[in-house]
Amino acid sequence: MKNRYPLTPRSSHPRKHGGAPSHHAPGVALVDERFLLWLATQAGAASVRTLQRGALPTVMGQLMRAAGSEGALLRTVLFTDQGGSELHDDVVLRAVAPHAADGGLSLVRALGSEMVQLAQHQPGCLLLVASDDERLIPYLDEAQWRGARVALIADDGVHDFARLASDDPSWARLLQQADRRVAVPAAAWEVLTSANASREDDGGREPTAEPDETWRAQVARIIGDWWESEPEDERVDLAAAMRQQQGVPPEADRRILMQVRRELGRNLSFPEKRLMREMVRATVLGEAAGVAAEASAPQP
């Protein structure tokens, strides 16, 4: 039986470069609007509902230069589940399903496919990507094989990578796959966020706040439902893997995080992700420990 939770990391391989990538090659920004809005709150901006889309070409051009490229930004491709009532030069909209409908799968497929197509038709180009979805890694990998350079957009948390890797290992794995990582400066957030950015989001709670009891109860229910639905052999494999490593194995982490995101209808903050993983480990190892204790107890 194949263990679904291997303890060995993903193997690496050398990149294929289709022609010599030039720092003067053109670039394209691929932006998940929902992620960029969330990242703005992580960077300290007030909770916002919309971006100033017309400012995207200017900001993305600055980030291209911060990534070491002197080439021209051809366009910004904005993946969004919100329509647009205005036209903006050099901003192309790609409609995707709401995150709550499919856990962001349509966005991953659309953004990933565009990455590969651009790498194929623009050898040596720079792809400036704003997303934290680890499911993009195979697409990112393919684009790099085809000769593209990939820079991921982040906030200042990327400068403390050890802490970021501990708080959000899936985001850290995606960042490690990129050629460059660029943090959005505070001045750029001021340009990108709307004039009514000070208004509260519909969620009504600051994303960086510690999770409250309502959140804990919701997530505890989701984790409990997931654990009850797991087959017995997979429970055994997962418990064994968790005893030998810190955190939650990547495959299980992705599936649980996707399920929690889908049911809550939004991305999780770093404190929420950290607590969610602690709850998962407590559920898996706590039950496993209880079963072992019961089995070893002397019979009357």
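Among the residues of the range 76-92, which ones are on the phi < 0 side of the Ramachandran plot and either buried (at least 18 other Cβ atoms within 10 Å of the Cβ) or in contact (Cβ under 8 Å) with a residue 24 or more places away in the chain (or both)?
Correct list: T76, V77, L78, F79, T80, D81, Q82, G84, E86, H88, D89, V91.
Is it true that some residue in the range 35-47 is among the small types (G, A, S), at pLDDT 85 or above, surrounded by 19 or more Cβ atoms within 10 Å (Cβ to Cβ) and not in a helix (DSSP H, G or I)?
no
I need the helices (runs of 4 or more DSSP H) fully contained in the range 119-192, keeping only those with at least 3 residues that are surrounded by fewer than 23 Cβ atoms within 10 Å (Cβ to Cβ) and modelled with pLDDT of 90 or more.
Hits in the range 119-192: 137-145, 169-177.
For residues that are outside any helix (DSSP H, G or I) and modelled with pLDDT of 50 or more, scanning just the range 196-217, find the one that is nearest to L36 (Cα to Cα).
A209
Within the range 49-108, work out how many residues are of a type in the set (K, R) and touching a strand residue (DSSP E or B) at 6+ places or on another chain (Cβ under 8 Å).
Number of matching residues: 3.
The values are calculated or read from the model by the stated rules, or taken from the named source; none is laboratory data. Note that the structure is predicted; figures quoted are calculated from it, not measured. When we count neighbours, we look across all protein chains shown, and the Cβ atoms used for this are built from the backbone with ideal geometry, even at glycine.
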